[in-house]
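A.B. asks: There's a structure below that I have some questions on.
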Amino acid sequence: MNGNAAVGGDKVRPGIGQTGFRQAAPVGPSAGLTPADSAVLETVADILRGLPVALLTGAGLSTDSGIPDYRGPNAAPRQPLTYQEFMGDPELRRRYWARNHIGWAHMKRAEPNAGHRAAAALEKAGVLTGIITQNVDRLHEAAGAGTVVDLHGRFDRIVCTDCGNSYSRDFLAVVLAELNPGFLSAVEEAGGAASAPDADAELESELLIASFNVARCPLCGGLLKPDFVFFGENVPRDRVERSYQMLDSAGALVVAGSSLTVMSGLRFVKKAAKDGKPVIIINRGATRGDPLAAVKLEAGVGESLGRLVELLAPDWRNS
Ligand SMILES: [Zn+2]
C-alpha cells in the first residue's frame, strides 16, 4: 500500500499527528452493508457474544467525520515530519506550526459519526473493556466513551518538552494569533484556507511561513510540541500498559478502521492471537493483522459497528 509501511519496534507514524491536513482523499458516502457483510457480522456476533471485548480503532473510523485517512486505499503518499526533525530543525518547526495554526481548527470542528456512537454504546452496554485508539481527534470521547486510551496523543493539547507543563490547544491559538497578527487572513487571501476547506490549508506563499512566529512555553520559554506521538517517537509506557490491561481483561479484540501499519497497534493483535483470543478486523483494504484474524470484514466501519450494537446490545440500538 505504501512504500514506507514497514516500521519496526515502537516507532509510530500517526499521519494525522503531523498536522498537515493535505492531500485529503475524497470521502464519499459510506456504502451500506451488503447481505454478505451482514451475514459475516452475525458470525462475528456469535463469536463475541458473552465475551468482554477490547476495541482498537484507527483513522478509518474518523473518515466519515471528514478527517482524512492517510493510510487508506485512496491515501496519497506523504512523508511525515519525524520527531527528530521537529525537535532538531527550527525551520521545519516553524513550518509545522504555521500549518498547524491554519489546520487545527478543522479537527476541532469535526464531530463524532455513527462509528464513534456505536463504540460508545458498546462500552455503555458493558460489551467493551475499553477503547484503544490511534486517532488524536478525541471523537470517541466526544461521542461519550469513557474508557479510552489515546495511544498517539490528542490534538487538543500541547506540551512543553522542557518543563513538561501542558496547555490546551485553544490557549495556544490565542497566543499564536497575538504573535502573528493578520496571518490567517493573509493565508485566506492567498487562497489557501478557502480553497481547501476539508484538507490542509495550502500555504501559497513561502514568505508567510518564513515570517511565522513560533510560540514558546509561557512558564519556562521552552520548546512546545503538540501532544502527538510523532513518527520516530515512542508511545508513552503508561498508555501501552493501560492498553494491555484492556486487552488482558478482554476475551476478544476487534480492530476497526486501522490498517495496522505501525507496530504500536499491530502488537495488540499479535498479543491477542498469541493468547488464543479471537481477533476481528473491520477495515477497507488489507491490514498487517489479516493473517492473524479470525474474521476479516471489508466494509464500512460505522455501519458494521452499528450492526454489532444491534446484535450484541440491542437495548442500545437507538442510542
Ligand atoms: Zn516549559
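The values are calculated or read from the model by the stated rules, or taken from the named source; none is laboratory data. In this text the structure is predicted, and so the values were computed from the model without any measurement. Methodologically, a virtual Cβ is constructed for each residue, glycine included, from the backbone with ideal geometry; neighbour enumeration extends over all protein chains shown.
A.B. asks: Looking at the stretch 134-167, which of its residues are within 16 Å of the ligand (Cβ to nearest atom) and either over 29 Å from Tyr244 (Cβ atoms) or crowded, with 19+ Cβ neighbours inside 10 Å (or both)? If you could, list the steps in order and put the result at the bottom.
C.D. replies: Within the stretch 134-167, the first condition is being within 16 Å of the ligand (Cβ to nearest atom), and the residues that meet it are 157-167.
Across the stretch 134-167, the qualifying residues are Arg157, Ile158, Val159, Cys160, Asp162, Cys163, Tyr167.
A.B. asks: Going residue by residue through the stretch 121-130, is there one that turns out to be within 20 Å of Ala105 (Cα to Cα) and either under 20 Å from the mean Cα position of the chain (by Cα) or crowded, with 22+ Cβ neighbours inside 10 Å (or both)?
C.D. replies: So far as the stretch 121-130 goes, no, none of its residues is within 20 Å of Ala105 (Cα to Cα) and either under 20 Å from the mean Cα position of the chain (by Cα) or crowded, with 22+ Cβ neighbours inside 10 Å (or both).
A.B. asks: Surrounded by fewer than 23 Cβ atoms within 10 Å (Cβ to Cβ), closer than 25 Å to Thr82 by Cα, assigned by TED's automatic domain parsing to the domain that holds Pro52 and of a type outside the set (Phe, Trp, Tyr): is that true of Val295 in this structure?
C.D. replies: So Val295 does not fit the description; no.
A.B. asks: Now, a different point. Note down all Cβ pairs under 7 Å where the first residue falls in the stretch 250-269 and is touching a residue at least 24 places away in the same chain (Cβ under 8 Å), the second is polar (S, T, N, Q) and in a strand (DSSP E or B), and they're at least six residues apart or on different chains.
C.D. replies: Cβ pairs passing all conditions: Ala250/Thr129; Ala256/Thr57; Gly257/Thr57; Ser258/Thr57.
A.B. asks: Which ones in the stretch 109-119 are part of a helix (DSSP H, G or I) and touching a residue at least 40 places away in the same chain (Cβ under 8 Å)? Reasoning before the result, please.
C.D. replies: Here is the first cut: in the stretch 109-119, the residues part of a helix (DSSP H, G or I) are 109, 114-119.
Matches in the stretch 109-119: Ala114, Gly115, His116, Arg117, Ala118, Ala119.
A.B. asks: Something else about it: Where residues in the stretch 261-272 are closer than 17 Å to Ala286 by Cβ and at pLDDT 95 or above, which of them is surrounded by the most Cβ atoms within 10 Å (Cβ to Cβ)?
C.D. replies: Filtering first and then ranking leaves Val269.
A.B. asks: Enumerate the strands (runs of 3 or more DSSP E) found wholly within the stretch 210-302, keeping only those where 3 or more residues are of a type outside the set (A, V, I, L, M). Let's see the steps before the verdict.
C.D. replies: Working: elements: 224-228, 252-256, 279-282, 295-297.
Here the list reads 224-228.
A.B. asks: Can I ask one more? Which residues, counting only those in the stretch 134-176, are part of a strand (DSSP E or B), aromatic (Phe, Trp, Tyr) and over 14 Å from Val229 (Cβ atoms)?
C.D. replies: Residue satisfying the conditions is Tyr167 alone.
A.B. asks: Please state which one of Ala59, Ala98, Ala31, Ala75 is of a type in the set (A, V, I, L, M, F, W, C), at pLDDT below 95 and surrounded by fewer than 18 Cβ atoms within 10 Å (Cβ to Cβ).
C.D. replies: Within the list Ala59, Ala98, Ala31, Ala75, the selection yields Ala31.
A.B. asks: On to the next question. Would you check which residues across the stretch 206-262 are within 16 Å of the ligand (Cβ to nearest atom) and touching a helix residue (DSSP H, G or I) at 6+ places or on another chain (Cβ under 8 Å) and list them?
C.D. replies: Val214, Ala215, Pro218, Leu223, Leu224, Lys225, Pro226
A.B. asks: For the structure I just gave you, tell me whether Ser259 is of a type in the set (Ser, Thr, Tyr) and under 22 Å from the mean Cα position of the chain (by Cα). Walk me through how you get there before you give the answer.
C.D. replies: Details: of a type in the set (Ser, Thr, Tyr): yes; under 22 Å from the mean Cα position of the chain (by Cα): yes.
Here the answer is yes, as Ser259 does meet what is asked.
Quick grid of which residues meet (1) at pLDDT 95 or above; (2) of a type outside the set (Phe, Trp, Tyr); (3) surrounded by 14 or more Cβ atoms within 10 Å (Cβ to Cβ):
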site	(1), (2), (3)
Ser195	no, yes, no
Asp200	no, yes, yes
Leu208	no, yes, yes
Ser211	no, yes, no
Arg216	yes, yes, yes
Leu219	yes, yes, no
Met246	yes, yes, yes
Ala256	yes, yes, yes
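A.B. asks: Another question about this same structure. If Val309 satisfies all but one of (1) in contact with a Phe, Trp or Tyr (Cβ under 7 Å, 6 or more places away or on another chain); (2) at positive phi, what's the number of the condition it fails?
C.D. replies: (2)
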